[in-house]
Amino acid sequence: MNDAYKLLLGLEMSDRNAVELLPFVTTMQLRVNETIWRKGELEQPWTHIVSGLVCASLPDAGNELAAVNVYGPGSWIGEGWLVAGLPSAFEHVCVAPTQVLQVPNDRVREVFESDPGFSRFMARLVTWRSQHHAERLSLMGNGSLPLRVVLGLALLAEALQSGASHQSAPQPPESLLIPLTQTQLAGILRISRGVFSSCVQQLATIGWARVTYSSVQLLNLEKWRAFSSSLRKSRSGLVKPSMDELLAVLLDGPTKALAGRYLAALGSPTQHEASEPSLLK
C-alpha cells in the first residue's frame, strides 16, 4: 500500500486524507477488450492506470468501438463523475493487458469537496484535458491531413507521457511505443488508414518513427515535443502544410542537409504543395 499512498499524495491531497483513503484502495487486472466502465454508467471509480493502455471509445456506424482518446500508465481517469456528477460519455476499454488501482467514487468525492489541494489538482487536470481536446478538434477541423497525422501523434505522445495529464515529465524518454494498430490510430485522428499509413511510413523513413502492424513507436521524443511546442507558440503555423513541408520542418536544424537530399529525391512539388500556403512563415 506504500505505492498507493504515494500516488494519493501525488494528487496533492493532505496526508490525513490519503491515509484515510488507503483502506478503500483496490487493484484489478484486466484483459484485452475488457471494459472498465461503460458509456452512460455513473459508477466510475477514480482509477489509476498502473500498466497497460485504455481507450475511451464510441460505437461507429458498424457498431464497432472506435477510439476517441487513449490513456496510458500514470493516468488517472474518471474525473467526469468526480467533478460534475456526469455519466461516462465513452466506453473505457483495455486495448492491452492492464492493471489499475481504484478508489470508490463516493469516498474520493468527499475528499474533493473538502480538500483544497486535491480540488486545485482536479481543476488543473480538467482544464488541461479540455484544452488538449480543443486542440485536437481544431486540428481535425482545420489542419491538412498530413498535419493531422504528425501533430496528432505529437499530441497523443504528450498525453501518454503526462501521467496525471497536466504534469508532463520534465525529461521525456528517448522513445514511446504506442501499442495500437494503424487502423486504431487513424480512427483516433479521424483520417483514413491509407492516409495515416502513407504519412507514418514517411516519418519512419526520416527516423522519427518505427512502424509495425500492431504498433507505432515514436523516436527521439524531445524533437516531437519541440515540434508541438513551436506550433503552439506560433499559431500562424497551423495552416495546411503538405507532408513534404512537414518533413522539411521536422528535419530542419542539424539535419537540414539530410532534409534537402530527401526532398530533392521526391522530385517536383506536389499539387498539394503548390496550392496550399507554406508552414514556414
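The values are calculated or read from the model by the stated rules, or taken from the named source; none is laboratory data. As the structure is a prediction and not an experimental result, all values here were calculated from the model. Counting neighbours? That spans all protein chains shown, and the Cβs are built from the backbone with ideal geometry, glycine included.
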Sort out for me the helices (runs of 4 or more DSSP H) sitting completely within region 1-101 that have 3 or more residues that are without any contact (Cβ under 8 Å) to a residue 24 or more places away in the chain, more than 19 Å from Arg129 (Cβ to Cβ) and over 23 Å from the mean Cα position of the chain (by Cα).
2-9, 15-21
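Conditions (1) surrounded by fewer than 18 Cβ atoms within 10 Å (Cβ to Cβ); (2) within 22 Å of the chain's Cα centre (by Cα); (3) at pLDDT 70 or above; (4) not assigned by TED's automatic domain parsing to the domain that holds Leu65, marked per residue:
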residue	(1), (2), (3), (4)
Ile178	no, yes, yes, yes
Gly187	no, yes, yes, yes
Thr205	yes, no, yes, yes
Tyr213	yes, yes, yes, yes
Glu245	no, no, yes, yes
Lys256	yes, no, no, yes
Looking at (1) under 29 Å from Leu30 (Cβ atoms); (2) assigned by TED's automatic domain parsing to the domain that holds Val211, find the lone condition where Gln99 falls short.
(2)
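Test Gly117 against the stated conditions and say whether it is modelled with pLDDT of 90 or more and in a helix (DSSP H, G or I). Give the steps one after another, and end with the answer.
Details: modelled with pLDDT of 90 or more: yes; in a helix (DSSP H, G or I): yes.
Yes; evaluated as a whole, the condition is true for this residue.
With respect to Phe90, is the statement that it is within 20 Å of Leu156 (Cβ to Cβ), aromatic (Phe, Trp, Tyr) and not assigned by TED's automatic domain parsing to the domain that holds Leu177 true? Working first, answer last.
Details: within 20 Å of Leu156 (Cβ to Cβ): yes; aromatic (Phe, Trp, Tyr): yes; not assigned by TED's automatic domain parsing to the domain that holds Leu177: yes.
Here the answer is yes, as Phe90 does meet what is asked.
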Could you grab the pairs with beta carbons closer than 6 Å, sequence gap of 6+ or different chains, first residue in region 142-171 and closer than 15 Å to Asn69 by Cα, second one of a type in the set (S, T, N, Q) and modelled with pLDDT under 55?
Ser162/Ser168
Given the conditions (1) polar (S, T, N, Q); (2) surrounded by fewer than 20 Cβ atoms within 10 Å (Cβ to Cβ); (3) within 20 Å of Leu156 (Cα to Cα), which single one is not true for Ser57?
(2)
